[in-house]
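Let me begin by presenting the structure, written as C-alpha cells, before commenting on it.
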C-alpha cells in the first residue's frame, strides 16, 4: 500500500544488513501466531529493532502472507535504509536502528481519502463521529489488543463501517493519543469524504461506506471499486 524510507545519508553496513535479514526472518515466523511481534537483532551500533502487526480481524494465514510480502517489499523499496516502515491493508511492519518499541511517534503519517463528498455532511459527520468515539474506546481496553470496529446506519440503504487499531507495544494512554491525533486530522484531509484511511506508525483509522473488515458483509462491489479507484494520498511530516 505505502512505505516510508528514511532518506538521510546513512546506509546499513554489511553487519547491519545481515542483522536486518535475521530480524525480518523472525518477524515473518513469529508474527502470525499472535498477530503481533517485536524483537531486535544484533548488538551495539549494528543492532536493529523491528515490529510487525496484522490487522486484528484477519486470519493467521492472511497475516503470514501479508508479513512475508511486507518483509520482501520493505527491503526492495528501502534498500540499505536504517529506518523504514511499510503499510498494507492487513499488516504493518517497521524496523529501525533506534529502539522505537513502546514509544509514541506521530512524526509521519499518510492519509488516503475518497475524492467524492457525501451528500448530507451534517448527518454523516454526526454519525461518523459517534461511531469513531465508540470504537476508539474499544481499542484502548486491555482485552481488545488495540482494535476497535463497528458500523452505524446512515440511512436505510447506507451504512458507515469503521475500524481503528493501535500497535500493541503502546500503552493505553499513547494509543488514545495516537487515535485522537489521527481523527483530529480528518477535517484537514477527509472532511465530508465518503472514505478515509489514516496511517500512523502507532495507529490506523479507517472508515468507508462499504464493509471492509471481517466478518465481511455483502455489499455493492461497484461502490467499493469506485471508492478505491478515486482515492488520493496526503503526507504529513513533522
For segment 55-66, indicate whether the set of residues that are in a helix (DSSP H, G or I), within 20 Å of residue 23 (Cβ to Cβ) and touching a strand residue (DSSP E or B) at 6+ places or on another chain (Cβ under 6 Å) is non-empty. yes
Considering segment 7-23 alone, what residues qualify as being farther than 13 Å from residue 79 by Cβ and either in a helix (DSSP H, G or I) or modelled with pLDDT of 95 or more (or both)? 13, 14, 15, 18, 19, 22, 23
Considering only segment 19-57, state which residues are farther than 20 Å from residue 67 by Cβ and surrounded by fewer than 17 Cβ atoms within 10 Å (Cβ to Cβ). 43, 44, 45, 47
Which residue, of 179, 163, is surrounded by 21 or more Cβ atoms within 10 Å (Cβ to Cβ) and in a helix (DSSP H, G or I)? 179
State whether the residues of segment 67-84 include one that is closer than 14 Å to residue 204 by Cα and outside any helix (DSSP H, G or I). no
Here is a list of conditions, (1) in a strand (DSSP E or B); (2) closer than 28 Å to residue 212 by Cβ, and residue 40 meets all of them except one; can you say which number that is? (2)
Filter segment 135-151 for residues that are loosely packed, with under 15 Cβ neighbours inside 10 Å and modelled with pLDDT of 95 or more and give the result. 137
Go through segment 166-176 and count every residue that is touching a strand residue (DSSP E or B) at 6+ places or on another chain (Cβ under 6 Å), crowded, with 22+ Cβ neighbours inside 10 Å and not in a helix (DSSP H, G or I). 2
Can you pull out every residue in segment 139-171 that is in contact with a helix residue (DSSP H, G or I) (Cβ under 9 Å, 6 or more places away or on another chain) and over 21 Å from residue 217 (Cα atoms)? 139, 140, 141, 142, 144, 145, 146, 166, 167, 168, 170
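The values are calculated or read from the model by the stated rules, or taken from the named source; none is laboratory data. These figures come from a predicted structure and were not determined experimentally. In this analysis, Cβ positions are derived from the backbone assuming ideal geometry, glycine residues included, and neighbour counts consider all displayed protein chains.
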